[in-house]
Amino acid sequence: MNEQPVRPAIITRFAPSPTGLLHLGHGYSALLAQNLAKQAGGRFLLRIEDIDPLRCQPEFEAAIFEDLDWLGLEWEQPVRRQSDHMDTYEKALERLGEMALLYPCFCSRKDIRDEIAAAGGAPHQGPEGPHYPGICRALAKEDASARKEAGEPFALRLDTHKALSMIKEPLLWYDADGREFTARPEQFGDVVLARKDIPTSYHLAVTLDDDLQGVTLVSRGEDLLPSTDVHRLLQELLDLSVPTYHHHPLLNDKDGRRLAKRHKSETIRALREAGNSPEEVRAMAWL
C-alpha cells in the first residue's frame, strides 16, 4: 500500500513594521495567523520588518511586543529582526547582479514624471503606480559607476522583462483554498529591490525571510495580493521555496476607510488605556 505523502508543518508569521502603533487591523492579522497555525498544530512566528532606519523606531517595536502580549498571542523566540540580516539581502542582490538582472537608477520622482509627460499618452499603470519608463536601463556601466562614485543617490531596479525571459514555465502560486493563480510580475514594471541607503526592499526582504524561516502559509492583508506576483518571480530567480498564500479582508473604520497608521486609526494601546479588556479587543478585531 502506498504511503500518504507527509504534509509539511504549517508555519505562519505576523510581520509588522515598527513605524507606528498597532491598530485593530494588525490585531486581526496577527490573531488570524496564530489561529491558522494553532488549528493545524503548527508554528507561529513574529518578525520585525525594520529595513527603513528613518521611519522605524525602537519605541514602536517595544509597543508591538507589548500589544501582542496583552492580546494573548505567543510566538517563538528569537524574533527575526530584518535590520540584523542586511548581509543576507546583499548576497541575494549580488546573485541577481551576477545574472545581469539589476541596474542602477538615478532618477528622482520628478525625473520620472517629466519623462512620462514628455512621452505623451497615458503611462502604463501598475499596482504601485505608473511604470518606470526605463530611463537608466540602458545606461553604460562606466557612466553608472562614475555616478555612484560621485555619491549620487540611486536605486537598484530589477529588469523584469529580462528576468521573465529566463523563466520557461508559468509562474504559479496557490492560495489556502487550493486555487491556482498565474503571477504577472510585469504589471509592476522594473521594481526597486534596494536603494543606496537601504540595501533591500520590502519585496526582496520578505521573500527571502519567508524562505529562510520556513514559512509555509503566508497570511496577510488582501492589499498585498498583487505583490505576490513579484515575490513569485524572485522565488524562481533565487531558487526559494514557494509557500501557500492567504490574503484576508481588511478592516474598516466607522467611516468605511481601511484601518491604517496614516489615517491615525484607533490603536490597540488606546483601546487598552480606555479600559477595554484583551477579550473585548479581540472581539472587536474579529468583527
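The spacing between the range 22-51 and the range 106-168, judged by their C-alpha centroids, is 35 Å. Near residue 248, the amide H atoms lying under 5 Å from its own belong to 220, 221, 222; only residues 5 or more places off or on other chains count, and H is placed 1.01 Å from N. Taking a Cβ cut-off of under 14 Å around residue 70, the surrounding Lys, Arg, Asp and Glu residues balance to a net charge of -4, with basic ones at +1 and acidic ones at -1. Return the subset of 91/162; 110/148; 38/91 for which the Cα-Cα distance in this structure is over 24 Å, preserving the input order. The pairs that break the limit, which is 24 Å between Cα atoms, are 38/91. Charges were assigned to the Cβ only: +1 to each Lys and Arg, -1 to each Asp and Glu. The resulting dipole of the chain about its Cα centre is roughly 440 debye.
The local environment of residue 112, defined by Cβ-Cβ distances under 13 Å, has a net charge of 0 under the rule Lys, Arg +1 and Asp, Glu -1. Residues whose amide H lies under 5 Å from that of residue 193, counting only those 5 or more places away or on a different chain, are 156, 157, 158; hydrogens are built 1.01 Å from N in the peptide plane. Shown for 273, 66: other C-beta atoms within 10 Å of each C-beta, ranked fewest to most, produce the order 273, 66.
If R0 is 30 Å, the Cβ-Cβ spacing of residue 108 and residue 162 corresponds to a FRET efficiency of close to 0.80. Among 242, 191, 230, a tally of other beta-carbon atoms within 10 Å of each Cβ gives an order, fewest to most, of 242, 191, 230. Working note: Karplus 6.51/-1.76/1.60 with θ = phi - 60° gives the range 158-170 the couplings 8, 6, 5, 4, 5, 4, 5, 5, 8, 10, 8, 9, x Hz, where Gly and Pro are set to x.
With neighbour counts taken as other beta-carbon atoms within 10 Å, the residues 190, 209 rank, fewest first, as 209, 190. If you add up the charges near residue 206, with Lys and Arg at +1 and Asp and Glu at -1, over every other residue whose beta carbon is less than 13 angstrom from its beta carbon, what do you get? Residues near residue 206 contribute 0 overall. When DSSP beta bridges are limited to those with both residues in the chain, what percentage is antiparallel, rounded to the nearest 5? Beta bridges within the chain, antiparallel portion: roughly 55 percent.
Values quoted throughout were computed directly from the atomic coordinates according to the rules given, and no laboratory measurement underlies them. None of these values were measured; they are calculated from a predicted model. All Cβ positions, glycine included, derive from the backbone under ideal geometry; neighbour counts span all protein chains shown.
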